[in-house]
Amino acid sequence: MRRTVVAALCVMLVLPPSACAAGPPASAHSPTAAKPSAGPTPAATSAPASPPTSAPASARSASASAPGRHPTSRVSPHTGLTPDPRNRFYTDDKSWYASPWYSGRHRIMVEYGCTPAPYYDPDPRCPDRHGFHHGVDIAMPCGTPILSGVRGRIIRPKSPGAPGPAYGSTAFRIRTPAGRDVLVGHARRVFVRPGDVVRRGELIALAGSRGAPDGCHLHLEVRRRGGGVAEAVNPMRLAALRT
């Protein structure tokens, strides 16, 4: 009887004879159900791998140090600002100096006097066809606050001894009661104007690179009253640098 019923089912379902010989098909949920082939399916071989949802930590670190960017480790510990990569140092002095003229501590980039820096014409006072630098250049991040290190009055830019274009379009001079003109060059922004009386410690400008080929810095120059560049004297005493 069972064989007759099975044969009838085979005819109704149009099953192959081998399936009928093995008995009724196993349920899909039965532990004895046939397993699929172990070979890869077309979808698994052709589908591309999904991209990661976020870059690994190592990739993020490499991106932060890519050329043209300044990772946090390069921020100056003295001002919290990014050092200017254009700065070039023409001195063996690697000390970091504080001064009443600016906030933080910074290095001398070009000293007063004979220098190998290529920006100046050969001077007969200097050996090896070196030029003569009439002030001191202190390298600092762009935007570093520049303070007045003296008490004095801002004089008219066109008065005798006016600074030339090499000092930048924002250069200005402070005339002190002692008869000295203190020139501040290359500032990005200036907060004083002719006629203003400034006090020691007052914010007067932000460091910049106007007119300078070697990045942001403070150019500090001291001249005799009304004198030009030929009347410049050593500014180091007035700069009052200290380690």
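The values are calculated or read from the model by the stated rules, or taken from the named source; none is laboratory data. From a predicted model like this one, the values you see are computed outputs, not experimental measurements. Neighbour counts are summed over all protein chains in view; Cβ atoms, including those assigned to glycine, are modelled from backbone coordinates with ideal geometry.
Taking the stretch 120-142, which residues are surrounded by 15 or more Cβ atoms within 10 Å (Cβ to Cβ) and in contact with a His (Cβ under 8 Å, 6 or more places away or on another chain)? Residues satisfying the conditions are Tyr120, Asp123, Gly135, Val136, Asp137, Ile138, Ala139, Met140.
Identify the residue in the stretch 218-243 that is under 17 Å from Gly113 (Cβ atoms) and not aliphatic (A, V, I, L, M) and, among all such residues, is surrounded by the most Cβ atoms within 10 Å (Cβ to Cβ).
Start the filter on the stretch 218-243 by keeping residues that are under 17 Å from Gly113 (Cβ atoms), which leaves 219-223, 229-239, 241.
Those left that are additionally not aliphatic (A, V, I, L, M): 219, 221, 223, 231, 234-235, 237.
Details: His219: 26, Glu221: 24, Arg223: 23, Glu231: 14, Asn234: 14, Pro235: 22, Arg237: 9.
The qualifying residue surrounded by the most Cβ atoms within 10 Å (Cβ to Cβ) is His219.
Only residues that are assigned to a loop (DSSP other than H, G, I, E, B), of a type outside the set (Lys, Arg) and touching a Leu at 6+ places or on another chain (Cβ under 7 Å): list them for the stretch 180-234, please.
The first filter runs over the stretch 180-234 and keeps only residues assigned to a loop (DSSP other than H, G, I, E, B), leaving 186-188, 191-196, 199-202, 207, 209-216, 225-228, 234.
Now drop any that are not of a type outside the set (Lys, Arg), which leaves 186-187, 191-192, 194-196, 201-202, 207, 209, 211-216, 226-228, 234.
Hits for the stretch 180-234 are Ala187, Phe191, Gly201, Glu202, Ala207.
Total residues in the stretch 206-217 satisfying the condition of being crowded, with 20+ Cβ neighbours inside 10 Å and polar (S, T, N, Q): the figure is 0. Scanning the stretch 124-177 for residues that are in a loop (DSSP other than H, G, I, E, B), touching a Phe, Trp or Tyr at 6+ places or on another chain (Cβ under 9 Å) and of a type in the set (Gly, Ala, Ser) gives Gly135, Ser148, Gly149. Remark: pairs (first residue in the stretch 92-104, more than 21 Å from Thr115 (Cβ to Cβ); second residue basic (Lys, Arg) and at pLDDT 95 or above; Cβ separation under 9 Å; 6+ apart in sequence or on different chains) = Ala98/Arg105; Ala98/Arg242; Pro100/Arg200. Just to verify a result, which residue in the stretch 155-190, among those that are in contact with a strand residue (DSSP E or B) (Cβ under 6 Å, 6 or more places away or on another chain), of a type in the set (Ser, Thr, Tyr) and under 12 Å from Ala212 (Cβ atoms), is surrounded by the most Cβ atoms within 10 Å (Cβ to Cβ)? Among those residues, the one meeting the criterion is Tyr167.
The conditions of being within 18 Å of Leu147 (Cα to Cα), basic (Lys, Arg) and touching a residue at least 12 places away in the same chain (Cβ under 8 Å) are met by Arg200.
The set of residues in the stretch 139-155 being in contact with a Lys or Arg (Cβ under 7 Å, 6 or more places away or on another chain) and within 18 Å of Ala117 (Cα to Cα) consists of Ala139 alone.
For the stretch 191-205, name all the residues that are of a type in the set (A, V, I, L, M, F, W, C) and surrounded by fewer than 18 Cβ atoms within 10 Å (Cβ to Cβ).
Filtering the stretch 191-205 down to residues of a type in the set (A, V, I, L, M, F, W, C) leaves 191-192, 197-198, 203-205.
Phe191, Val197, Leu203 - these are the residues of the stretch 191-205 that are of a type in the set (A, V, I, L, M, F, W, C) and surrounded by fewer than 18 Cβ atoms within 10 Å (Cβ to Cβ).
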